[in-house]
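Inspection log for the structure reproduced underneath, given as structure tokens.
The values are calculated or read from the model by the stated rules, or taken from the named source; none is laboratory data. Just so you know, these numbers come straight off a predicted model, no measurement behind them. Cβ coordinates were reconstructed from backbone atoms using ideal geometry, including for glycine residues, and neighbour counts include every protein chain displayed. Note: areas computed on protein heavy atoms with side chains; ligands, DNA, RNA excluded. Shrake-Rupley method; radii C 1.70, N 1.55, O 1.52, S 1.80 Å.
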Amino acid sequence: MSRPKQRLLPFFLPMLGCPHRCVFCDQRAISGKASAPTAEEVRRALDGFPPDMEAELAYYGGSFTCLPRSRQEAWLSLAAPYIEGGVIGGVRVSTRPDAVDDGVCAFLREHGVTTVELGVQSFDDEVLRQSDRGCTGESAIAACAAVRRAGLRLGVQLMTGLPGDRPELALSSMKQALECGAELLRIYPTLVIEGTELERLYAAGKYAPQSLTEAVSLCADMVELAEAAGVPVQRLGLNPGPELERSLIAGPYHPAFGGLVREEVCFRKAAALLEACGAAEKPCRLLCAGNDLARLVGQKRAGLERLTARFPGVTVAVDPALAPGQMRAESAD
Ligand code: SF4
């Protein structure tokens, strides 16, 4: 069963609080926001937000808990009347793992925070060092534990293709995130953005980005691990937008990156079912839920073409009895 999507009202605080700049990062290009919103803009958005106690106001794009407490309070207090009034359920913040401990989590909780997303990116110390993150895998594990101890929902953001990264390291970071109790995940393949240190490394031949095919395949592996653990991957790839496309130098960018990964996961499931059904030797029918048909057929019918190339006699049909995500294969005889 797919879970209902939790609604978010996101605001970007581009690199607010960040003690330095990580090699790959330019939040202004990534978010398309040159500056933080005003208090009035946040209030106006909350005023127009249809009440939903599952929803959260979210502050992304910076290191929230590195800001002075007075500024954190100012941002969080904007949400307080709307939490009390039943418009939203709480606040979500994203921050660096080394800026989170028990005291920080207690403060966040007292001020209406319900979810903390940690920009872990990798649990591998060498990858973190080469990415100039200024923190370690151990600090990320400790931060995850603090968030969980405080009873806050834990989100973990991971990246693939960072300097020094390899597919097996990214996969072990995903396993570690799940072991740490991540309740939601985001995965971002590394892009080379103009003006970053990574652009200089790339220009000097010291960094090679993943290809789109490599990134899709690795992210599909990571999604499979998360799905097996029942943890939702809420985002795959950066939000597409004109600012990001203008600043993009290289890397596995696709405006529908998440869709490509979900299609890859769907293709793999379908191929495994057809294989087990003997579809390489005889005509078989693959049945899926109505919602999944587009994903199975794929962008520009690429998924269907791959399936029919491997299983020439296959036909695909919808079975209304199947729940989203379920598929089955049967002999067409
Ligand atoms: S990756 Fe996170 S900590 Fe590093 S500069 Fe960007 S927003 Fe700040």
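Key figures for this structure:
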item	result
Only listed residue being assigned by TED's automatic domain parsing to the domain that holds Arg92, in contact with a Pro (Cβ under 6 Å, 6 or more places away or on another chain) and not aromatic (Phe, Trp, Tyr), chosen from Pro240, Pro209	Pro240
In the stretch 248-282, the residues that are in contact with a Phe, Trp or Tyr (Cβ under 9 Å, 6 or more places away or on another chain), open to solvent by less than 60 Å² (accessible area, probe 1.4 Å) and not in a helix (DSSP H, G or I)	Ala250, Gly251, Ala279, Ala280
Helices (runs of 4 or more DSSP H) fully within the stretch 50-130 counting 3 or more residues that are of a type in the set (Gly, Ala, Ser)	69-77
Filtered residues of the stretch 239-256 (kept if touching a strand residue (DSSP E or B) at 6+ places or on another chain (Cβ under 6 Å) and among the hydrophobic types (A, V, I, L, M, F, W, C))	Ile249, Ala250
Candidate set from the stretch 105-116 (those that are of a type in the set (A, V, I, L, M, F, W, C) and open to solvent by less than 20 Å² (accessible area, probe 1.4 Å)); member that is nearest to the ligand (Cβ to nearest atom)	Val116
Options Gly119, Gly62: the member that is modelled with pLDDT under 95, under 24 Å from Pro240 (Cβ atoms), within 16 Å of the ligand (Cβ to nearest atom) and surrounded by 22 or more Cβ atoms within 10 Å (Cβ to Cβ)	Gly62
Residue satisfying all of: in the stretch 15-55; within 15 Å of the ligand (Cβ to nearest atom) and free of Cβ contacts under 8 Å to residues at least 40 places away in the same chain; surrounded by the most Cβ atoms within 10 Å (Cβ to Cβ) among these	Gln27
